[in-house]
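The values are calculated or read from the model by the stated rules, or taken from the named source; none is laboratory data. No experiment lies behind these values; they were computed from the predicted model shown. Heads up, the Cβs are rebuilt from the backbone with ideal geometry, glycines too, and the neighbour counts pull from every protein chain shown.
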Amino acid sequence: MQQIPPKRGRGGRPPSSRAGEVDTRILDAATALFLERGFEGTSCEQVADLARAGKASLYARFSSKETLFVAVVRRSVERTLARTDPVPPELVLRDRLVAVGVSIIEQSLRPDVVALIRVVIAESPRFPEIACHANNIGYEAGVRRVAEVIAARSPNSVDAVKRAMVPAARFIDLVFMPHQMRALLGENLDVLVRGTASDPRGDRNAYGNGAARQLDVIVGDALGAMRTYVFKMDDVPSSIVGGLVGRSAFLLR
């Protein structure tokens, strides 16, 4: 769990050149407190005190604790996706999806990310709208990242990304969500991502097959589940063309 840094005395109003530093300190402090005490147990006053910022500075940037919490989640999502590896567009579709799937899983199942998701879930019965908003930020960003990878070869990328959003959402549901659920339930993260730890239950085949080794098979299943969409024939390995071609309304390049 993220450690709360020691408090320091507050200084005066920072110059405009240091405004970004104040934003970072506030979000760092808010993240530490939300992880330590939860949403309900954290106050804006505590955040301002830990961040060495006045309450006026905090409220000038974040109008409420709810707004601050959403900003913490949004920053976490942005940092997570920024760490994902670029996917070469020259790869065939299946290889592009494997690459983006592995990268998203590796970054999204980091301990700090999983801990923040647990906070969102824990607070959802009392603050369902905030939890739903926070969840949508991560889900929609992940879907868009996959859609961009699907549409990487299209000459009209903006339109292609829009058309790729539905199959990208299906991909996230099939590939990412099961791993996220297992991580939230406490399974070893090294096992889920890389399949490197030993199996305490004695079934190594079932337990030790991490995301990096599972994705090729899972992507094949995901592409089969997206068979209502027609992909450009030269962008799909011949072994799965039959599973993709059907009565469809879309052409994704």
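For segment 60-70, filtered to residues that are closer than 25 Å to residue 145 by Cβ and surrounded by fewer than 18 Cβ atoms within 10 Å (Cβ to Cβ), the residue that is nearest to the chain's Cα centre (by Cα) is 70.
Only one of the listed residues (153, 126, 110, 74) is among the basic types (Lys, Arg) and within 19 Å of residue 171 (Cα to Cα). That residue is 153. Taking the stated definitions as given, is residue 130 over 27 Å from residue 25 (Cβ atoms) and in contact (Cβ under 8 Å) with a residue 60 or more places away in the chain? No: the conditions fail for residue 130. Restricting 56, 51, 32 to those that are in contact with a Ser or Thr (Cβ under 9 Å, 6 or more places away or on another chain) and farther than 27 Å from residue 147 by Cα reduces the list to 51.
Looking across segment 157-185, the residues that are more than 18 Å from the chain's Cα centre (by Cα) and farther than 19 Å from residue 136 by Cβ come down to 157, 158, 159, 160, 163. Can you confirm whether residue 160 is at pLDDT 90 or above and part of a helix (DSSP H, G or I)? In short, yes. Regarding residue 149, is this residue in a helix (DSSP H, G or I), surrounded by 18 or more Cβ atoms within 10 Å (Cβ to Cβ), at pLDDT 90 or above and touching a Pro at 6+ places or on another chain (Cβ under 9 Å)? Spelling it out, residue 149 is indeed in a helix (DSSP H, G or I), surrounded by 18 or more Cβ atoms within 10 Å (Cβ to Cβ), at pLDDT 90 or above and touching a Pro at 6+ places or on another chain (Cβ under 9 Å).
Note on segment 106-127: residues that are without any contact (Cβ under 8 Å) to a residue 60 or more places away in the chain and in a helix (DSSP H, G or I) amount to 3.
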